[in-house]
């Protein structure tokens, strides 16, 4: 019996694992690969890579599985290594990240709420933490790739002041852009889109985020007649 005990324990562990949902299995993969060394989830983790607390709001499970297969194939200058995950591990990890909808920041004081009395600074923290930066780039300068869209990139935001009032910008962020215009009408849907941030962010958060985006407008263009 003593000789059989290790085998019984092993088979029991395998049976338990087979009953786990993909999100739970993916959380285990996330931990085993020490992803928190670079990525923050809630109040834990590093800042070398994007904050993933809202990952499931801004990216689909399908896109995340595609990204994990070969990050550099999607974004050549990425610092994200290719871990060469097998199909099951990659699918489970994508399912876990897709389950992250920002709830962890609602359990206590969100990082941006620690910024007092400065809407632009608070908006900047929101831009980083909810993950706008992962599509629109640092300071909204764009350059991140997308498929089947004009220019093959996500739009820059540093000149939104030319196209939107603060109220219009808030409303656009609130409702999102689920279906970006396709360059080839017969081609596939773009993998990246702007979610309806009004479903997860409060009105005051959207207002401060808009203040930050408007603040990105280059000072040298103030008062000019240049077209965007």
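Expressed per residue, the C-alpha convex hull volume of the chain stands at 159 Å³.
Principal-axis analysis of the Cα atoms of the chain puts helix 87-98 at an angle of about 50° to the longest axis. Largest GNM mean-square fluctuation across 172, 114, 101, computed for the chain with C-alpha springs under 10 Å, falls on 114. The Cα-based radius of gyration of region 109-222, divided by its Kirkwood radius, gives an Rg/Rh of 0.98. Remark: 25, 157 ranked as 25, 157, counting other beta-carbon atoms within 10 Å and listing the fewest first. For the pair residue 152 and residue 20, a Förster radius of 35 Å applied to the C-beta separation gives a FRET efficiency near 0.35, rounded to the nearest 0.05.
How far is helix 22-32 tilted, in degrees, relative to the longest principal axis of the Cα atoms in the chain, given as a value from 0 to 90 rounded to the nearest 10? Between helix and principal axis, roughly 90 degrees. The Stokes-Einstein estimate for region 20-107, based on a Kirkwood radius over Cα pairs and taken at 25 °C with 0.890 mPa s viscosity, is a diffusion coefficient of 189 µm²/s.
Our estimate of slack between residue 145 and residue 167, defined as 0.36 nm per intervening residue step minus the Cα-Cα distance, is 5.1 nm. Computed from Cα atoms, the angle from the helix 166-175 axis to the main principal axis of the chain rounds to 30 degrees. Each of 36, 161 has some number of other Cβ atoms within 10 Å of its Cβ, and from fewest to most they run 36, 161.
Mean-square fluctuations from a GNM of the chain, with a 10 angstrom spring cutoff on Cα atoms, peak among 185, 195, 50 at 185. The ranking of 194, 97 from fewest to most other beta carbons within 10 Å of each one's beta carbon is 194, 97. Here region 29-50 and region 146-202 have alpha carbon centers that stand 27 Å from each other.
We did not get these values from a lab; they are worked out from the coordinates using the rules stated. None of these values were measured; they are calculated from a predicted model. Virtual Cβ from ideal backbone geometry, glycine too; neighbours counted across all protein chains shown.
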